[in-house]
Amino acid sequence: MIDGNAVEILLVEDTPQDLELMLRALRKANLVNRVEVARDGVEAIEFIFGEGAHEGRNIEDGPKVILLDLKLPRIDGLEVLRRLKSDSRTKTIPVVVLTSSKEQADVVESYKLGVNSYIVKPVNFERFAAAVQELGMYWLLLNQPPTLKG
């Protein structure tokens, strides 16, 4: 059973300006309820797996979607994705890479690791806000996730 306080979106972003833009865009789309922010790959892993500062968090309480930057300190986004998709408890969580990297190697590796979508961040706030709103609407309202059996 999913807790009423379950996190819906895990936002993994280390750049303060990009983080603020994403949060503004989520607020504009009325999608800020139950958003958790991780500012590096270690924080993301600890949150996802209920370790470290998040010890005791029930792994089944979300997130419904992860918005993941690739260029992160301590552990990069590709390693976060690798760990997430290699664990049977978390491999079905949808992951959207939202990054400034247009490197073809990053795109290919992300899809090999099981990313659901790869989006290059637009610079214009209005376009960015529209993209985040569409992402939120799709992943939180339209997407039908599998039912996990305990």
How compact is the range 30-70 by the rule of thumb for globular proteins, expressed as Cα Rg over 2.2 N^0.38 Å?
1.15
Given the DSSP H assignment, sum -39500 (n - 2.57) over each helix run of at least 4 residues in the chain and divide by its residue total; what's the result at 222 nm in deg cm²/dmol, nearest 500?
-10500 deg cm²/dmol
Quick one: 3J(HN,Hα) in Hz for the range 101-116, Karplus 6.51/-1.76/1.60 with θ = phi - 60°, rounded, Gly and Pro as x.
6, 9, 4, 4, 4, 5, 4, 4, 5, 4, 5, 4, 7, x, 5, 8
Please report, in debye to the nearest 20, how large the charge dipole of the chain is about its Cα centre when each Lys and Arg carries +1 at its beta carbon and each Asp and Glu carries -1 there.
420
With label points built 7 Å along Cα→Cβ from the Cα atoms of Asp87 and Leu19, find their separation and express it in nm.
2.1
Work out which GluC sites (Glu not before Pro) in the chain are exposed loop sites (DSSP not H, G, I, E or B, at most 15 other Cβ within 10 Å) and give the longest gap free of them.
1-50
Give the order of Leu21, Leu70 when sorted by the count of other beta carbons within 10 angstrom, beginning with the fewest.
Leu21, Leu70
Just report the Cα centroid separation between the range 101-116 and the range 59-97, whole Å.
13
Rounded to a whole number, the Stokes-Einstein D of the range 12-150 in µm²/s (Kirkwood radius over Cα pairs; 25 °C; 0.890 mPa s) is 160
Which one of Gly56, Gly114, Gly41 has the biggest mean-square fluctuation once the chain is modelled by GNM with Cα springs under 10 Å?
Gly56
Among all lysine pairs in the range 9-142 that are eight or more places apart or on different chains, how many have alpha carbons less than 12 angstrom apart?
4
Residue-wise HN-Hα coupling along the range 48-65, computed from phi with Karplus coefficients 6.51, -1.76, 1.60 (Hz; x: Gly, Pro):
4, 9, x, 10, x, 5, 10, 4, x, 5, 6, 4, 7, 8, x, x, 7, 8
Gained length - Asn58 relative to Glu109, 0.36 nm times residue gap less alpha-carbon distance
15.4 nm
Sorting Ile93, Gly52, Leu19 by the position of each Cα along the dipole of the chain (Lys, Arg +1; Asp, Glu -1; all at Cβ), the one nearest the positive end of that ordering is Ile93
Mean projection area, nm², convex hull over Cα of the range 1-93
5.9
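Any read-out appearing in this document is the output of simple, stated calculations on the displayed coordinates, not a laboratory observation. Everything quoted here is computed from the prediction, not taken from an experiment. Positions of Cβ are generated from backbone atoms using ideal geometry, with glycine treated the same way; all protein chains shown enter the neighbour counts.
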